[in-house]
Amino acid sequence: MPVSEGSPVTREQVRRAAQTVLDHPGADEVEVVVAASSTGVTRYAGSHIIQNISRNEVRAFVRVAHGNRVATTTTNQLDRPHMIAAAASALEAAKASPEDPDFPGFARPREVGTPAAAGRWDERTASASPRQRAEAVNLILRASGGASSAGIYETGSHSFGVVSSQGVDCWDAYTRCVTTCLLDNGEATGWGDDSSHAAGEVDVEAVARRAARKADAGRNADDAQPGTYEVVLEPSAVATMIEHLSYSGFGAKQMIEKESFLAARAGESVGAPSVTVTDDVWHPKSVGIGFDFEGAPRRRVPVIDSGTATGPVTDLRTARLLDSESTGHSSGSAEYGPYAANVVLEAGGDSPEDLIGGVDDGLLVTRFHYVNILDRTQTLLTGMTRDGLFRIRHGEIGGAVRNFRFAQSVLEALADVTGVGSDVGSFAPEYGSFGSTVAPTLRVGAFRFVSATSH
């Protein structure tokens, strides 16, 4: 089946909806962005399926320019009356808005280029039924070894289109499968998760077995003193860390307003030479679309290249302010600005076993939880370890340790990276449903834990 026929909204549906308003009277420029999704989530807890949810959504964002006054109206109906009403509302709001001297105009294909599809569509995932999701959960429960387990199995399809009076006409769609397993054996918890654009690439039994191993190894956890430790961070922990780093300042608007570490450190060394962090929807494990919410092609952008801060992701507005070109990272919001949706910390050449084997006295961290940004420009985060914290002694994984709270600058951690794993995991974003994070295991020479917990 062609992608467009099985997606939540087809290319032709987007075109028909947009064509009703592209020549709206009184508007100088009109742009229509349509975002649609169809998701199904099966939840389980106490080793039983407790809920099955299906959700279908569609939104059209009608953006109208009247001179350099711009406004957007949203509707969840694509029929002619609702689209015309949305355009009229946007035009009225634009006329009442202050002039925007930095408005760059809407994207023009001859200037930004024509985007390609990212190719992250899998029909099996798009058509997954509640029964198929339940069967996947049953595999998780059987592989959990009898311990109490909880989590989700989610499948979904998402489609996006941008059509404008300037000639932009692009469309793409992707699918995603996400599974999580939190296992509790009464003494300790363990965690496993996996994500891909294709359900067939998500090994739910391996996820459950990993969670069971973590929980079994977590029994009889010892107390440990907070302090600075050498650590091996597994991919889930690394993904959380770099996703928050991207929130802290990968966007050009944050840099221009000096709310990003890039404002002061662009061109400087901010990480070890082995560390490269990009926004790259074209990475094989990334999940997303090939253009942004202005219809500009998404480019691979090295934000940190071999340890050096090299620059932000941009949209048309910030590219104009920086006298550069859009990298295809518009969020659709002038207030928020461009953002990195597909963050990748590139893999290295070390196996996880080699990374652990090089640590004489340290900690193995499964994942982080309840993470918050304390200082954006210093990239300072705080949060908790969870579901598997273990001693490393003389290159071997030892006993479990009770969880710590950490306070750590991400850039300081990246500057102290002494090994990058060859393994990578793909993770759905912690906030929202758009994009992905790809991360390997990292060995970090010093990581600061500020307090211990009782569990």
Could you give P(r) for region 220-452, binned at 10 Å from zero, as whole percent values over all Cα-Cα pairs?
-> 8, 34, 35, 17, 5, 1
Reference-scaled alpha-carbon Rg (2.2 N^0.38 Å with N residues) for region 1-142 = 1.40
Could you give the alpha-carbon Rg of the chain over 2.2 N^0.38 Å, rounded to two decimals?
-> 1.03
Cβ-based exposure ranking for L91, L78, L442, in which fewest neighbours within 10 Å come first = L78, L91, L442
Please arrange H158, H394, H369, H24 by counting, for each residue, the other beta carbons lying within 10 Å of its beta carbon, fewest first.
-> H394, H369, H24, H158
Relative to the present Cα-Cα distance, how much length would full extension add between E268 and N52 at 0.36 nm per residue of separation?
-> 72.8 nm
Heads up, region 313-394 by the C-alpha gyration tensor (a ≥ b ≥ c square roots of eigenvalues; a/c under 1.5 rounded, else a/b over b/c prolate, else oblate) looks prolate
Rounded, prolate or oblate (a/c below 1.5 giving rounded, otherwise prolate when a/b exceeds b/c) for region 71-136 by Cα gyration tensor | oblate
Which loop GluC sites (Glu not before Pro) in region 84-135, with loop taken from DSSP, have no more than 12 other Cβ atoms within 10 angstrom of their Cβ?
-> E99
Expressed in Å to one decimal, the Kirkwood Rh of region 68-225 from all distinct alpha-carbon pairs is 20.0 Å
Restrict the search to region 246-322; then list the trypsin sites (Lys or Arg not before Pro) that DSSP places in a loop and that have at most 13 other Cβ atoms within 10 Å of their Cβ.
-> K258
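With the alpha-carbon atoms as the only input, what is the per residue convex hull volume for region 371-455 in Å³?
Dividing the Cα hull volume of region 371-455 by its residues yields 133 Å³.
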Ordered by number, the GluC sites (Glu not before Pro) in region 346-455 that occupy a DSSP loop and have at most 16 other Cβ atoms within 10 Å are E430
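Every number here is computed from the coordinates shown, using simple stated rules; none is lab data. Just so you know, these numbers come straight off a predicted model, no measurement behind them. We place every Cβ from the backbone using ideal geometry, glycine too, and count neighbours over all the protein chains shown.
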